[in-house]
Amino acid sequence: MSGIPLARPAPGMVLSVGGAQFGTWMQGSVDRDLRNIAGTFSLTYYDSGRAAQAVQPDLDTAPPFQIIREGMACTVTLDGVLALKGYIDTVSVSRSAGSLSATITGRDVTGDLVDCAAAPTGPVEWRGLTVLALAQQICKPFGIDVRADVPIGDPFPVFGIEVGETAMLAIERAARQRALLVVSDGIGGLLLTRGGNSRAPGALAVPGNVTHAAYQSSWLQRFSDYYVKGQTNPRLARYGRKAGLTSSTNPTSAPGVPPAVSETVAEAATVQMTGHAIDPEIKRYRPTVRGVRTQSGSSSVQAQAEWALRVARGMGRTGHYSVLGWGPSPGGALWLPNQLVQVSDAYADINRDMLIASVRYSLSNKGASSVIGIAGRTAFDRIDEPAQSEGFIQKPTPKSFGPTKQG
């Protein structure tokens, strides 16, 4: 592969690294998937720099080729459109009697959030911050921008990060409590959003622009009745206390602390709740039950039952559609995950909006193509979930970390 820098981004799949641009690959792919926060890429090529180094190790002048190494910052453009900004994770080389090749793989910058601890110096807590502000605080040391394109909800009175918890797990835990979906934008940022909040730049049609189609509609994980059963203790919930626990036997309580409550009294005060949602599409009797712990302020058991129905319905309709190119038109907008796309496929009996769940942009000797994974538009719905410890987050022990806003 020629390593001579290009004057400007060329059409095709171009990797820019260390001030040079590379665009000749044996094969290459870029993947974006709502199930995996970080986008990934894999490029296989003939490494001219390594070949020159191996064949002429004593050459006085440095070879005019740059060797790509792990850890380098990089970008990938598709037909001149920035598709991924991240780092090279792994370089794999192989050599045989008549062949030299190398494969580089990497992820966008949010891969560090998946791997790394959110609070390496100890347990931390923040007060009075919104989920957006929390995510920004966690991502700041990584140099990752965070934005939201939907309402983000109320601030958290207290939010704690546990020892060893990764940055992404902490962000997703906060986002779940505000019914938000966390996605990477692939080009250096993190987005707090909801499923299908934008539209694709084109449609998928069979016959039409689709070269291969595979669609599946399944009842395996769908049910006629969704029951969600939970319990709460209205008396103790006000104080962030777990139902069934006995408070101090000291008859004198500090201001704002409830009087001593025996386990029997606490259990008696527990309220049992049941949510029930019916899927009219499932004609035979197929009930399912989910048990949850809930508390005042979290989603109701009825809302959780309806949410379980929507997600199961969305996940029961999936498919993969292959198209030429990486977007509806060369050099234009790319197909992207979390977009709504109109799908027309009479053979699959489908003519409706679907959610793009994943995209694989590929380059081979046959040219550029995309495989677009679709699901029902509710497949990635979120619902506000209760925090840890029965609706509240217990304070981490020793210290606060980073800018702390008092609520």
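List of remarks:
- Across the options Asn209, Gly153, Pro141, the greatest Cα extent toward the positive end of the charge dipole of region 128-218 (unit charges at beta carbon of Lys, Arg, Asp, Glu) belongs to Asn209.
- Proximal aspartates and glutamates relative to Lys283, as straight alpha-carbon distance under 15 Å, when same-chain residues fewer than 8 apart are discounted: Asp225
- Shown in residue order for region 328-338 are the 3J(HN,Hα) couplings computed by the Karplus curve 6.51 cos²θ - 1.76 cosθ + 1.60 at θ = phi - 60°: x, 9, x, x, x, 5, 8, 5, 9, x, 6 Hz (x for Gly and Pro).
- Extension gain (nm, one decimal) between Cys116 and Asp154, 0.36 nm per residue minus Cα-Cα: 11.0 nm
- Residues Leu82 and Ala203, FRET efficiency given R0 of 25 Å [Cβ-Cβ distance, rounded to 0.05]: 0.55
- For region 358-366, backbone phi angles converted through the Karplus equation (6.51, -1.76, 1.60; θ = phi - 60°) give residue-by-residue couplings of 7, 9, 10, 8, 10, 9, 8, 5, 8 Hz, Gly and Pro being listed as x.
- Residues whose placed amide H lies under 5 Å from that of Ala205, excluding near-sequence neighbours: Val210, Ser344
- FRET efficiency, 1/(1 + (r/R0)^6) with R0 56 Å, evaluated for Arg284 and Ala73 via beta carbons: 0.50
- For region 119-197 and region 75-103, distance of Cα centres in Å: 31 Å
- Modelled label positions at Ala20 and Tyr347, each set 7 Å beyond Cα in the direction of Cβ, lie 4.5 nm from each other.
- Over 15 Å [Cα-Cα, region 13-108], rounded percent: 61 percent
- Estimated FRET transfer efficiency (Gln27, Gln221; beta-carbon r; R0 41 Å; 0.05): 0.75
- Counting only residues at least eight positions apart within a chain, or on another chain, the aspartates and glutamates with an alpha carbon under 17 Å from that of Lys229 are Glu267, Glu306, Asp384, Glu385, Glu390.
The numbers here are math on the coordinates, done by the rules we state, and not lab data. Since we're looking at a predicted model, the values are computed, not measured. With ideal geometry, Cβ positions are generated from the backbone for all residues, glycine too; neighbour counts draw on all protein chains shown.
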